[in-house]
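Only one structure is covered here, and it is reproduced in the block below.
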Amino acid sequence: MAVTTNKAAKTEGMTWRRYKDGESEANIRSAQDRIFQSSWTHKCPEYMLSTPPCQGSCPAGEDIRGYLNIVRGIEKPPAGVTWQEYAFRRVTEANPFPGVMGRVCPAPCESGCNRNMVEDHVGINSVEHFIGDWGIENNMAYTSTAAETGKKIAIIGAGPAGLAAAYQLRLRGHGVTIFDEHEELGGMMRYGIPGFRTPREMLDAEINRIIALGVETRLKTRVGSDISFDELDKNYDAIFMAMGAQAGRPLPVPGAEAPNCVTAVAFLRAFNEGRLQHVGNRVVVIGGGDTSIDVATVARRLGNVTKSGTHDDRPEAVIAGHMASDVASISAREGAEVVLVSRATVDKMAANKHEVEHAQQEGIEIIGGVTPVSVVVDANGRATALRVADFVMEGKETKIVEGTERDLPADLIVSAIGQGVDFTGLEQFNNNNGLIKADKNYRFPNNEKVFVGGDVIRPHLLTTAIGHASIAVDGIDAFLAGKELDKRPKVDVHHFDEIRKWLESGHEYSEVKGQIWGTSERKDILHNFEDRSQRHVIPHNELFLGHFPNEARHIREVTVLDKEGALGNFEERLHALSEKDVVAEAKRCMSCGQCFECDNCVVYCPQTAVFKVKKKDNPTVGRYVDTDYGKCIGCHICADVCPTGYIVMGMGD
């Protein structure tokens, strides 16, 4: 090890060694002497791989930094593989639905992005969108090299959690059968999100890739009524419960039992099944999240039909399951007046801010900061208005502000205030709160073969359900192999795998056990490298942000519709970036926690201790530079100028 010694040592001339042979720290240096100084340190650089906050914020645990570095050209694909395919493979290790998530995920990864401290986040969602579409256009398929295990797993529910679990299980060689009560696969991706946000041909392509791995399906089969849970328990080695929360919550106010008061889940399902053709003159939606925006924008597009057909075409009759005549094709269509009501103020609504803005541009009125009081009904028992009022919170209790009550006229009232699980026939799994309890491995307590994931645990994002599935499958795989379920890592995401990169490049790799000094001489391992991805998310203050110039984000084009233009328009609004813009956007990534070959450490090292590794010895990202510890004086300049926080002053005492 080599750092400058104290003043007494310097009388013998400059040395690159800290101690003479045989000397030890104990007999030459006090604890006071070992503290850091302003211009030097007793430490020398180590190379530390950390998790970037984008990945730490991704519920699916995607290796976001990894595929951005592939797109930008830092991480090279294996011979014969294009960067597009390599990026697709990297994304889909965690998430088999890049096309869906690139469109509808509210992207918590972008909120966590350290680039926000420079000017604006990296457009991660737009890169994923491009990769997902490229995969469909180029007929990417999934393949499994795992041997068949002979184990059989039953999956209840064909939504994002169930399908993602089926994908991960087949990659491990397990047999899978999905049971679902619907006619088609997709769950809330199909029945809860309108087609102008997830085009059906794109959704079908991403689902069919999973089924082609050899997944069996039992559609129009509801577990708990069409087939008993006990039968699954008897015939399958493990069960994954992912039936989703597809029972909407009605408004908890007087009058809400009126037939034209419906839930958002029922509304969107009727629309996505092609049954709902119009909504009446005036629609009031209660919510504030993304689902309420979906309901409002669908209602705006459907509008009102001015001539009645011969059947009962009232919206509530259609939503209840009665097939309406296609009055849209024979009658004049007019725009419906749509109002969205939220207890949160408009700026604090949970819905994606861009979606809120688009809804307003389409003529949807949004009233925030009010609460429903009651539903006003006529002599026939049908709702004619929603009564709302201003309110204040006193503890957990809502207090109405006197004199603020007013009525919002409505032909249809849609409640988008939450979802629940239908436990008919599965009552033993109800935690008495309408959901299922699970441990940190997503295993159901007291039943070692039952695992859980998705909205049945807690209604949240589609990407959250995908993340649940990935963790649950790890547990199922361990259970089937007779292994104890390990404690999950503190930072539980996919991340860069330096061993894989070493092997991909045809190099030999030797696993290192414990601390090895002088590993810079070995060519088959990364020297002085530590992967702390499973315990450390690197914050912006561990980066050198001054390295990054301001560069505007490349933003996807969106077809913006006005009040008239929205009527009857079910075309996709969000457009993918071009390949050129996708590469440019990926280059805005700061590669937090991993080297991206900027040369700062080489340029600024005053002792020329940091040097580039020869190409033949550089098979992987993170092996780009090396340190000659015989020259290093511990000045920590390399760590100071490292943009990504990859260099840490860690070696030494």
Among Val100, Pro77, Pro606 - extreme Cα towards positive end, dipole of the chain, charges at beta-carbon: Pro606
Filter on Lys348/Lys396; Lys501/Lys614; Lys76/Lys616; Lys353/Lys587; Lys501/Lys580; Lys587/Lys615 - keep pairs with C-alpha separation over 20 Å: Lys353/Lys587; Lys501/Lys580; Lys587/Lys615
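Which FRET efficiency, nearest 0.05, do Glu357 and Asn380 yield, Cβ-Cβ r, R0 51 Å? Don't jump to the answer; show the numbers that get you there.
Working: r = 38 Å, r/R0 = 0.75.
Taking R0 as 51 Å, the efficiency between Glu357 and Asn380 is 0.85.
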In sequence order, calculated HN-Hα J values of the stretch 542-554 (Karplus, 6.51, -1.76, 1.60; Hz; x Gly/Pro): 9, 9, 9, 5, x, 6, 9, x, 5, 8, 5, 5, 7
Using alpha-carbon coordinates, inclination of helix 200-211 to the longest axis of the chain, degrees: 60
Distance in nm between pseudo-label sites at Asn138 and Ile367 (7 Å out along the Cβ direction from Cα): 5.2
Rounded to whole Hz, the Karplus (6.51, -1.76, 1.60) HN-Hα couplings of the stretch 253-266, x for glycine and proline: 9, x, x, 6, 7, 4, x, 9, 9, 10, 8, 4, 4, 5
Likely footprinting exposure, Glu128, Glu148, Glu504, Glu216, fewest C-beta neighbours within 10 Å first: Glu148, Glu216, Glu504, Glu128
Nearest-ten-degree value, helix 290-302 long axis tilted from longest Cα axis of the chain: 50
Where trypsin sites (Lys or Arg not before Pro) fall in DSSP loop in the stretch 192-256, at most 15 other Cβ within 10 Å: Lys220
The chain - share of DSSP beta bridges that are antiparallel (%, nearest 5): 45
Separation of the Glu571 and Ala350 label points, Cα + 7 Å toward Cβ, nm: 3.3
Burial ordering of Leu543, Leu462, fewest other beta-carbon atoms within 10 Å first: Leu543, Leu462
Positive dipole terminus of the chain, leading residue within Ile538, Cys595, Asn528 (C-beta point charges): Asn528
Distance from the stretch 56-125 to the stretch 439-461 (C-alpha centre basis), Å: 27
Helix axis angle, 462-480 relative to the chain longest principal axis, alpha carbon, degrees: 70
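Please sort by residue number the trypsin sites (Lys or Arg not before Pro) in the stretch 575-653 whose DSSP state is loop and whose Cβ has at most 12 other Cβ atoms within 10 Å.
Those that pass, being in a loop and sparsely packed, are Lys614.
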Label selected from (i) 26.7, 93; (ii) 29.1, 106; (iii) 27.7, 91, the criterion being Rg and Dmax of the Cα atoms in Å as computed here: (ii)
Ranked Thr82, Thr149, criterion: other C-beta atoms within 10 Å, fewest first: Thr82, Thr149
Within the stretch 211-296: Cβ-based charge dipole about Cα centre, in debye rounded to nearest 20 (Lys, Arg +1; Asp, Glu -1): 380
Neighbour-limited loop hits for trypsin sites (Lys or Arg not before Pro), the stretch 364-422 (at most 12 other Cβ within 10 Å; DSSP other than H, G, I, E, B): Lys396
Selected from Ile499, Ser578, Ala416, residue furthest toward positive end of dipole (the chain; charges at beta carbon): Ile499
Residue pairs, from the table Lys152/Lys487; Lys437/Lys483; Lys220/Lys563, whose Cα atoms sit over 28 Å apart: Lys220/Lys563
Two-site label geometry, Ile555 and Glu508: point separation in nm, points 7 Å out along Cα→Cβ: 5.5
Rounded to the nearest 20 debye, dipole of the chain from Cβ charges on Lys, Arg, Asp, Glu: 1520
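Every number in this text was worked out from the coordinates using simple rules, so none of it is lab data. In this text, all values refer to a predicted model and were calculated from it rather than measured experimentally. When we count neighbours, we look across all protein chains shown, and the Cβ atoms used for this are built from the backbone with ideal geometry, even at glycine.
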